[in-house]
Amino acid sequence: MPAPVVPMLNYFAYLFDGGHWSLAGEGIPDRLLQHIAYTLVTLAISAVIALPVGLFIGHTNRGAFLAINIGNAGRSLPTFGLLSLMVVLVGIGTLPVIVALVVLAVPPILASTYAGLRSVDRSAVDAAIGMGMRPIQVLFRAEVPMALPLIVSGLRSALLQVCATATVAAYVGLGGLGRLLIDGLSTNDYPQVFAGAVLVAVLAVLLDLLSAAVERAVVSPGVRERSVRRTRWRRARPDPTNEDAPTSPVGISG
Amino acid sequence: MIAYIQGNQARILSDLGQHVWLSLLPVLVGVVLALPAGYLTVRYRWLYQPVVNLGGILYSVPSLALFVVIPAIIPVGTLSPLNIVVALSVYSFALLARTVADALISVQGETTWAAAAMGFRPLRQLFGVELPMALPVMMAGLRVATVSNISLVSVGAIIGVGGLGDLFTRGLQLSYLAPIIVGIVLSVLLAAVCDSGIVLVQRWLTPWTRAGAR
Amino acid sequence: MITFDAVTKAFPGGNVAVDNLSLELPTGQITVFVGPSGCGKTTSLRMINRTIEPTSGTISIDGEDVTSQDAALLRRRIGYVIQHAGLFPHRTVADNIATVPLLNGVNKAQAREQARELLTRVGLDESLASRYPAQLSGGQQQRVGVARALAADPPVMLMDEPFSAVDPIVRDGLQREFLRLQSELGKTIAFVTHDIDEAIKLGDRVAIFREGGHLAQVGSPQDLLDDPADEFVADFVGRDRGFRALSFITAEKLEVEQVSAYVDRARGASLVLDDTGRPTGWSVDGQEVLRALPGTFTTRDALRLVTDLAITSPAGAAVRVDEAGVADGVVAHEAIARHLTALRRETER
């Protein structure tokens, strides 16, 4: 008598079922578009709030304490807790969820905009002033272009944060790809859960790659290789014009 | 609120306890894996870009998605705490591997050149010169990893294992603010305590960074 | 003695940094490698302690091929000083200086004690021992860098533009201190700079490199100034090499006028002395207010200094003093010019 065949759980059943890709009704395309819409709308609102404030604080260095601490506090706020709080306070609906997402997205943008402006080489700013730029010109023609790598990296981490938290927000009634996950979990429909997870992961990775491409397009090649690699210890680094050996040496480590 | 805390003390404490180890164990795993990985990317530079790219991709995957995908890849139950630990370890590793690599690369320069030229052997140079100099940057990465883990754990409550997140799901079910506020406050406090702890350790380990720069 | 024998270094990609270099660096002397950027001087220096390996040829120290030795052990026997000192920011000054002794297994207490002695030796206060490098000025850091290189008492020192990142006044002090130390220690030193003035001031021998890693000329500073091998060397030592050459002629044979007899009619200037006969300044046009003396010279000073003093003096003359600082002669720049003309006739004859 042959042993009974235990059917392997086909994780991809939901994802590869053509019926779920129908453009009509609440299929995958619809959920995907919803998710993208929530993410971009939230990011846009957050940027409109955080960028001017960050630029003001960074340019004038007034309220620096605020910028630094909002950045740290924002990171330690539990996203799910904030969503729950909003829903219990205001009730189920898209608006309270979007507000919660904005609250989470503002700190990284604000903090990195501030940090970006502060990282700008003072001598370049002094040169800009010395050449007769007005304060607003100094900000937009000198400081912002040089601060862009950090400003954009703040926007990118906010983007990922929003995309991920929008998934969680399905638990409190938001649409989007999170619905597949949450609804699947409540009905033990694992192929659906898996489909939701894969789709949201792919979406997040694509959004990140897309934003990396945008970063390359807007950041001047002259300031690209900055940020992390420049630390205080590099103050005393070799002067490249003074270097006889044009390539990295062999045998330096033994 | 006070009544709620008094009435549910045991549950709150056990949630907090679970939260602590669910968030900190992955940081430990991340550090243990990221140190050698970061070192290898410095030793063999061609590894740097693949490691950074992989880390970037892993880091961009939303946590909830990771919580349900991991059981499909490795044999852990979706509802097992181990699942959460593995997922958060993935994040910590993704973040820290890059930080370690960047920190070690950033200290390469005249000082490491001078060390080699004075007769340090590679391993002694790594432990005696490069790692100590890279500590401030690495500790900054450790702070980010720890704090974000602490805030992420509660998402696990959606699949049933989430430390203080348990208080959020309860509050939602009962439409009751007290547990949610207790959960948020404790989570933020825990993050602040761990963050300050790391800062203190860093001060103790790197006294030279406070030696008044000119 | 350090010997380069037909050493060539080609980097991947075909860039030849050093081309067939043969050169000897005499024991106990300072040999300066000087030349424009990309001439291979730093690469040559780095091949001595094998931080760069030659493509072909051999480098030996006292007859022993450097590649026959363990690189780390070889390096511990060669002091190394670089442009920004390259101090370890995470170690105190004392521990920085003690680096190589500690690598060699000397015990900590002894190494630190010795570090303190070295601090004094390079002209720093012992109280700096427990500071971190970030708390020192650039000049102080550079002195610590020199102390660190001296710590294991290596017979050979490599110095890669050690004084070029500090301001001119500090640099001048460091250079003089360095020469004083070397007169006590007598190390075999290879010294890289792009500054011909520094090369002439410090070098017992100067090796001038040109682009592409070729050795253009090697010799004493005076050789290079008197007799440049080609247009490149002449150009590099500078169009004012005639003036520089005065650095090597002393004022011994320069004739001076009596101090009491010296009054410059044209400028109405006379030298004012104090009770002990030391010069205090120039009185011009019979005025009470003294104009400062730019300095004085002795018979051991170079003609370059004397000329400079005469040009910058309000009276157009330099004042000579004896060992005690008492003025014993005055020379106007016209007289210096006559002296130089006579010297040239002598050498041409």
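Within the range A:190-202, residues that are more than 8 Å from every other protein chain (Cβ to nearest Cβ) sit with their Cβ atoms under 7 Å from residues that are of a type in the set (D, E, K, R), at 6+ positions apart or across chains, in these pairs: A:192/A:183. Selection of the range C:57-71 for residues being within 14 Å of chain A (Cβ to nearest Cβ) and buried (at least 16 other Cβ atoms within 10 Å of the Cβ) yields C:59, C:66, C:71. Between A:179, A:141, the distinction of being open to solvent by 20 Å² or more (accessible area, probe 1.4 Å), modelled with pLDDT of 90 or more, over 23 Å from residue A:63 (Cβ atoms) and not β-branched (Val, Ile, Thr) belongs to A:179 only.
Candidates in the range A:115-138 are the residues that are among the aliphatic types (A, V, I, L, M) and modelled with pLDDT of 90 or more; of these, the one that is most open to solvent (accessible area, probe 1.4 Å) is A:115. The one condition from (1) in contact (Cβ under 8 Å) with a residue 40 or more places away in the chain; (2) at negative phi that residue C:186 does not meet is (2).
Could you list, in sequence order, the residues of the range C:273-311 that are open to solvent by 70 Å² or more (accessible area, probe 1.4 Å) and closer than 29 Å to residue C:241 by Cβ? Residues satisfying the conditions are C:300, C:304, C:308, C:311. Only one of the listed residues (C:138, C:145) is open to solvent by less than 10 Å² (accessible area, probe 1.4 Å) and within 23 Å of residue B:206 (Cα to Cα). That residue is C:145. Tell me, please, whether a residue that is surrounded by fewer than 19 Cβ atoms within 10 Å (Cβ to Cβ) and closer than 26 Å to residue A:168 by Cβ can be found in the range B:86-105. So far as the range B:86-105 goes, no, none of its residues is surrounded by fewer than 19 Cβ atoms within 10 Å (Cβ to Cβ) and closer than 26 Å to residue A:168 by Cβ. Checked against the criterion of being at pLDDT 90 or above, open to solvent by less than 10 Å² (accessible area, probe 1.4 Å) and among the small types (Gly, Ala, Ser), the range C:162-184 contains not a single residue that satisfies it. Within the range A:67-89, can one find any residue that is crowded, with 18+ Cβ neighbours inside 10 Å, within 14 Å of chain B (Cβ to nearest Cβ), among the polar types (S, T, N, Q) and touching a residue at least 60 places away in the same chain (Cβ under 8 Å)? Yes, the range A:67-89 contains a residue that is crowded, with 18+ Cβ neighbours inside 10 Å, within 14 Å of chain B (Cβ to nearest Cβ), among the polar types (S, T, N, Q) and touching a residue at least 60 places away in the same chain (Cβ under 8 Å). Under the condition of being in a loop (DSSP other than H, G, I, E, B) and either in contact with a Leu (Cβ under 9 Å, 6 or more places away or on another chain) or touching a residue at least 40 places away in the same chain (Cβ under 8 Å) (or both), the residues counted in the range B:75-91 number 4. Residues that are of a type outside the set (A, V, I, L, M), closer than 18 Å to residue C:257 by Cβ and modelled with pLDDT of 85 or more within the range C:279-317 comprise C:279, C:296, C:297, C:298, C:299, C:301, C:307, listed in sequence order.
Those residues that are within 20 Å of residue C:75 (Cα to Cα) and assigned to a loop (DSSP other than H, G, I, E, B), I need them from the range C:121-175; list them, please. Correct list: C:151, C:152, C:153, C:154, C:155, C:161, C:162. When you check residue B:143 against the structure, is it open to solvent by 10 Å² or more (accessible area, probe 1.4 Å) and in contact with a Gly (Cβ under 9 Å, 6 or more places away or on another chain), yes or no? No.
Number of residues in the range C:312-323 that are open to solvent by 20 Å² or more (accessible area, probe 1.4 Å) and touching a residue at least 40 places away in the same chain (Cβ under 8 Å): the value is 2. Looking across the range C:237-250, the residues that are under 20 Å from residue C:30 (Cα atoms) and either of a type in the set (Phe, Trp, Tyr) or touching a strand residue (DSSP E or B) at 6+ places or on another chain (Cβ under 7 Å) (or both) come down to C:247, C:248. In the range C:1-44, which residues are within 11 Å of chain A (Cβ to nearest Cβ), farther than 15 Å from residue C:218 by Cβ and in contact (Cβ under 8 Å) with a residue 24 or more places away in the chain? If the condition is that a residue be within 11 Å of chain A (Cβ to nearest Cβ), farther than 15 Å from residue C:218 by Cβ and in contact (Cβ under 8 Å) with a residue 24 or more places away in the chain, then C:9, C:10, C:16, C:17, C:36, C:37, C:38, C:42, C:43 are the ones that fit. Quick check on residue C:91: is it among the charged types (D, E, K, R), touching a helix residue (DSSP H, G or I) at 6+ places or on another chain (Cβ under 9 Å), at the interface with chain B (Cβ under 10 Å from one of its Cβ atoms) and farther than 20 Å from residue C:47 by Cβ? It is true that residue C:91 is among the charged types (D, E, K, R), touching a helix residue (DSSP H, G or I) at 6+ places or on another chain (Cβ under 9 Å), at the interface with chain B (Cβ under 10 Å from one of its Cβ atoms) and farther than 20 Å from residue C:47 by Cβ. The selection criterion, being closer than 30 Å to residue B:176 by Cβ, surrounded by fewer than 23 Cβ atoms within 10 Å (Cβ to Cβ) and not aliphatic (A, V, I, L, M), does not hold for residue B:109. Counting only helices (runs of 4 or more DSSP H) wholly contained in the range A:131-226, the ones carrying 3 or more residues that are more than 19 Å from residue B:160 (Cα to Cα) occupy A:144-168, A:190-218. Residues in the range C:75-107 that are of a type in the set (Gly, Ala, Ser) and either open to solvent by less than 10 Å² (accessible area, probe 1.4 Å) or modelled with pLDDT of 90 or more (or both) were compared, and the one that is nearest to residue C:139 (Cα to Cα) is C:85. Taking each residue of the range A:206-218 that is within 10 Å of another protein chain (Cβ to nearest Cβ) and looking for partners that are small (Gly, Ala, Ser) and in a helix (DSSP H, G or I) with beta-carbon atoms closer than 7 Å, six or more apart or interchain, yields A:208/B:56; A:208/B:60.
Please verify whether the range C:232-244 includes one or more residues that are open to solvent by 40 Å² or more (accessible area, probe 1.4 Å), in a loop (DSSP other than H, G, I, E, B) and modelled with pLDDT under 85.
Yes.
Exactly one residue out of C:210, C:116, C:121 is open to solvent by 10 Å² or more (accessible area, probe 1.4 Å), in contact with a Leu (Cβ under 9 Å, 6 or more places away or on another chain) and among the charged types (D, E, K, R): that is C:121.
The values are calculated or read from the model by the stated rules, or taken from the named source; none is laboratory data. The structure presented is a predicted model; accordingly, all values stated were derived computationally and were not measured. Methodologically, a virtual Cβ is constructed for each residue, glycine included, from the backbone with ideal geometry; neighbour enumeration extends over all protein chains shown. Accessible surface areas use protein heavy atoms only, side chains included; no ligands, DNA or RNA. Shrake-Rupley method; radii C 1.70, N 1.55, O 1.52, S 1.80 Å.
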